[in-house]
Each structure stands twice: as structure tokens, then as C-alpha cells.
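**Student:** Provided herewith is a single structure, encoded as C-alpha cells, for subsequent inquiry.
The values are calculated or read from the model by the stated rules, or taken from the named source; none is laboratory data. The shown structure was predicted, so the numbers you read here are calculated from the model rather than taken from an experiment. Here the Cβ positions follow ideal geometry from the backbone for every residue, glycine too, while neighbour counts run over all protein chains shown.
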Amino acid sequence: LIQLLFFSTNYQQAFSNFRAEWMHFILFSIIGAGVGLLTPKKYSIKVLLFLGIAFSIPLYIHLALTFIKGMKIGSIPWGYWGINEIHGDLGYTALQAAIFLFTYFLYQPKSWLAKITTIGLLIICVCSPLLAASRGGTGFVFISILFILLAYFFIAEGNKISLRNKLIGTLSILILITGAYQVGLKSDPNRWGGILSRVSLGFEGDPGSIYCEGIGSLESTLKSKGVIITPAIQKGLDSIVDGDGARVMAARSGLSLTIDNPMGIDQSKQAYQKAITKLCNGAPAIFISHTHNAWVDTALAIGLPGSALLLLVLITYMYRGRNALKANMPSVTPFGMALFASALLWILRGLLDSVLRDQMLEMQAFVLALLLGIIIAKTPHLRGGHRH
């Protein structure tokens, strides 16, 4: 609101952007908190299972369409997105579903049928983004599982689990991550291989000059350092235009632009496009719609103070989740784990993709407020955020 009232140059556009983005964030937060507070206390942790299944519905649809597509072409349709416009839509919902499902897997009553069913649902959370060639989506599903497992071992149930079992559990997840990477590498070596070499080029040169003048600016910088443009380096240069290198280069470019626009640009989702166009005095030679970094994009839209405030909100959710996780109350601990993991993982996810916008922002607002509402409803004595 401060950015809207005091720092916008186009009030009509800024209010329209505020209404479309941040009013939705507030609205979905209120709805989520209301649903959580009104959830009957008797509801068990099966709520997490139901939420995991609900968030997996896009994955089920994608796998069904992938199966149909595979039958038609007679092979596995790697990179097929189904009805989704971007593979990120599968990765984002897979991340949240995996958080719910793996938390349920750890805390549900010791039923082998429930465990096997949950494992099957978690496999779907991996297979859908993997088939869609979403590296970030696949990776963060495993990261969420690994993080929750480590939090379970060392925060929640640390004294009850032997070091041997902790090592076995951690190594098992790492082996699965390696296996999934090898599957992706075999399906598309160009996409899954050589990531580090492509990303490293994103740290070279001046990002503003490169976007304004074109890739030739970066080539000149490399040649001035005595670098020979080999085919491998040329692939890296191409990725600056549209690929892994672009993520780093765009984030660097956006970060420098936030210094020039510390209070944001009319709360616009096109803030980066406006800022880079102004810097270049016209259309940039290399066009990219956003920085692929949610925190940089948010800072460009609502300013550095606004981005910091949003980060503080997520950290507060994380803190409240951790408190509930350590409360040693069986009816509350699973929801604390889910809240703790969700808040932290969405903070981290924002470093690699612009996830603090549109339906992703609404989803986070609803889920985080819902989980906190459930925790508060089940533990009135923890409403101040402190344990007694």
C-alpha cells in the first residue's frame, strides 16, 4: 500500500496490479486461515493426505495424457506437458503435494497399506515433472522429501531414531535423487547434462550491456580474457539467450535494476521488462519476460521494502511451524512440519523461479494460512507463537 500511495508513477495501473496480485494474496490468506480455524479439532492428520491428493490432481491428469500420447507415438513422450502451458505448473503443485504426502507418510499410524499407498502417490509426484522435463520441479520434490526427513530426524524425533537409521534414510533419498537425474540425463542429455558449465557463463560480463547490446557483448568479454569460443562454450552462450545461463544473467540484471528502482515499479508483473527497456533506451537486444528469481521480480514490482516484508511473512510462518513441530503434541506436530517445510521451501524455490505471482502466490497464501489456522485451532495456548 505504501508503494501504491507514495511511489507509483501510474496510480491507475498500480492499483490494478495491486488488486490482481496482492489483494488476492490477502484474500486467499483470509480464506485459508478461516478454513483452518474452523476445521474441527477431531480431524486427524488424514487432512494432509487429502490435501496431498488434491494438489496431485494436475499430475494425475498429466500422466493420463502422457500415457495416451505415448500409446499414439509408440514411445515415452519426454518433455510432454499435456494441457499445461508451462512445465512449472506441474513442478509447483508436485512440490506442495510432496510436502503433504511425505509428512503424512512419516506421521500416520503404522499401517503398511497407508505407507504403500502414500509411496505410490509420492512416486507420481516425481514421475510427472520428470516426464515433463522439469528439472527444478523434479529436484524440489526430492529436496522437500530430504528436508522433511532431516527435520524429522534432528528436530522432531531426533532422540528416538538411531544414527544408523538416520544414515540409511538419508542415503536412500540421495540414491533416489541420483537415479532420477540419470533417467533425465538419458532421456535428454543436452537438457540435463552440462548444467554447471552453462550456468557459469551467466556470471560473466555486464548483464545490462549484454541484454541491451546482444550476446556479442559477452563474446567480446570472453575473447578479451583469452577464451576460445569452442562448441561447448557456444552452447553456453546460446543458453544466455534462452536457457540455464539466462536464469543467472537475468537475476544479476534484475538485481542491479532494483538498485535503480528501490521502491518498485507500479507493482507490475512486467516491472523487469519496463526497467530493462528504460535502461536500454528501447527494446533490449535479448528479451526475457522476467528474471526467473521471485525475490528480484517482487522487489522490482513492489520495492525492496515490500519484498523484505513478504520474506518476513514467510519466515514468520516458518517460525510458527517450527514451534508447533517442537511442541511434542501428536495432533499438532505433523501440521507444524508441513508449515515449516512449506514456508522454507517456497522461500528457496523463489531463488530459481518467479513463483511469487499469479496462482502460485495464491496457492502459497492459502496453504500457509490454512496450516497455521489448523495449528492455532488445535493449540489455543500457542497463539502467541511461544511454547509454555
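**Student:** Which of the following residues is under 27 Å from LEU370 (Cα atoms), in a helix (DSSP H, G or I) and assigned by TED's automatic domain parsing to the domain that holds PHE340: THR66, THR138?
**Tutor:** THR138 is the lone residue from the list that is under 27 Å from LEU370 (Cα atoms), in a helix (DSSP H, G or I) and assigned by TED's automatic domain parsing to the domain that holds PHE340.
**Student:** Would you confirm whether any residue within region 185-200 is in a helix (DSSP H, G or I) and acidic (Asp, Glu)?
**Tutor:** no
Matching residues to (1) buried (at least 22 other Cβ atoms within 10 Å of the Cβ); (2) not aromatic (Phe, Trp, Tyr):
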site: ASP242; (1), (2): no, yes
site: PRO284; (1), (2): no, yes
site: THR298; (1), (2): yes, yes
site: TYR319; (1), (2): no, no
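**Student:** OK, next. From the list THR178, THR221, THR170, pick out the single residue that is of a type outside the set (D, E, K, R) and assigned by TED's automatic domain parsing to the domain that holds ALA283.
**Tutor:** THR221
**Student:** Related question: Could we say that THR170 is assigned to a helix (DSSP H, G or I) and farther than 30 Å from GLU85 by Cβ here?
**Tutor:** In short, yes.
**Student:** Select, from ALA54, ALA64, ALA14, the only residue that is crowded, with 19+ Cβ neighbours inside 10 Å and either touching a residue at least 12 places away in the same chain (Cβ under 8 Å) or closer than 30 Å to LEU131 by Cβ (or both).
**Tutor:** It is ALA14.
**Student:** Scan region 94-109 and tell me whether some residue there is in a loop (DSSP other than H, G, I, E, B), within 23 Å of PRO330 (Cβ to Cβ) and assigned by TED's automatic domain parsing to the domain that holds MET363.
**Tutor:** Yes - at least one qualifying residue is present in region 94-109.
**Student:** Between a residue in region 111-139 that is within 24 Å of GLY82 (Cβ to Cβ) and any residue that is of a type in the set (S, T, N, Q), which pairs come within a Cβ distance under 7 Å, given they are 6 or more apart or on different chains?
**Tutor:** From residues that are within 24 Å of GLY82 (Cβ to Cβ), the pairs are LEU121/SER56; ILE124/SER56; CYS125/SER56; VAL126/THR138; PRO129/THR138; LEU130/THR138; LEU131/THR66.
**Student:** Could you grab me the full set of residues in region 79-93 that are outside any helix (DSSP H, G or I) and of a type in the set (D, E, K, R)?
**Tutor:** GLU85
**Student:** Across region 98-145, what is the number of residues that are closer than 21 Å to GLY184 by Cβ and of a type in the set (Ser, Thr, Tyr)?
**Tutor:** 4
**Student:** Would you point out the residue of region 175-226, among those that are of a type in the set (Ser, Thr, Tyr) and under 28 Å from the mean Cα position of the chain (by Cα), that is farthest from ALA132 (Cα to Cα)?
**Tutor:** Restricting to residues being of a type in the set (Ser, Thr, Tyr) and under 28 Å from the mean Cα position of the chain (by Cα), the top hit is TYR211.
**Student:** Any residue that is at pLDDT below 90, touching an Asp or Glu at 6+ places or on another chain (Cβ under 8 Å) and crowded, with 17+ Cβ neighbours inside 10 Å - is there at least one of those in region 373-385?
**Tutor:** no
**Student:** Considering GLY282, GLY321, GLY350, which residue is without any contact (Cβ under 8 Å) to a residue 12 or more places away in the chain and small (Gly, Ala, Ser)?
**Tutor:** Matching residue, one of GLY282, GLY321, GLY350: GLY282.
**Student:** Return the only residue of LEU106, LEU101, LEU174 being surrounded by fewer than 16 Cβ atoms within 10 Å (Cβ to Cβ) and over 17 Å from VAL355 (Cβ atoms).
**Tutor:** Answer to the check: LEU174.
**Student:** Would you mind stating whether ILE123 is within 25 Å of GLY70 (Cα to Cα), in a helix (DSSP H, G or I) and in the same structural domain as LEU371 (by TED's automatic domain parsing)?
**Tutor:** It is true that ILE123 is within 25 Å of GLY70 (Cα to Cα), in a helix (DSSP H, G or I) and in the same structural domain as LEU371 (by TED's automatic domain parsing).
**Student:** Is it the case that ILE76 is in a loop (DSSP other than H, G, I, E, B), at pLDDT 90 or above and surrounded by fewer than 17 Cβ atoms within 10 Å (Cβ to Cβ)?
**Tutor:** yes
**Student:** While we're on this one: Taking the condition outside the structural domain of LEU51 (by TED's automatic domain parsing) and assigned to a loop (DSSP other than H, G, I, E, B), does MET329 pass?
**Tutor:** No, not satisfied.
**Student:** For region 20-51, which residues satisfy the criterion of being under 23 Å from the mean Cα position of the chain (by Cα) and loosely packed, with under 15 Cβ neighbours inside 10 Å?
**Tutor:** Matches in region 20-51: ALA20, MET23, ILE26, LEU27, ILE30, PHE50.
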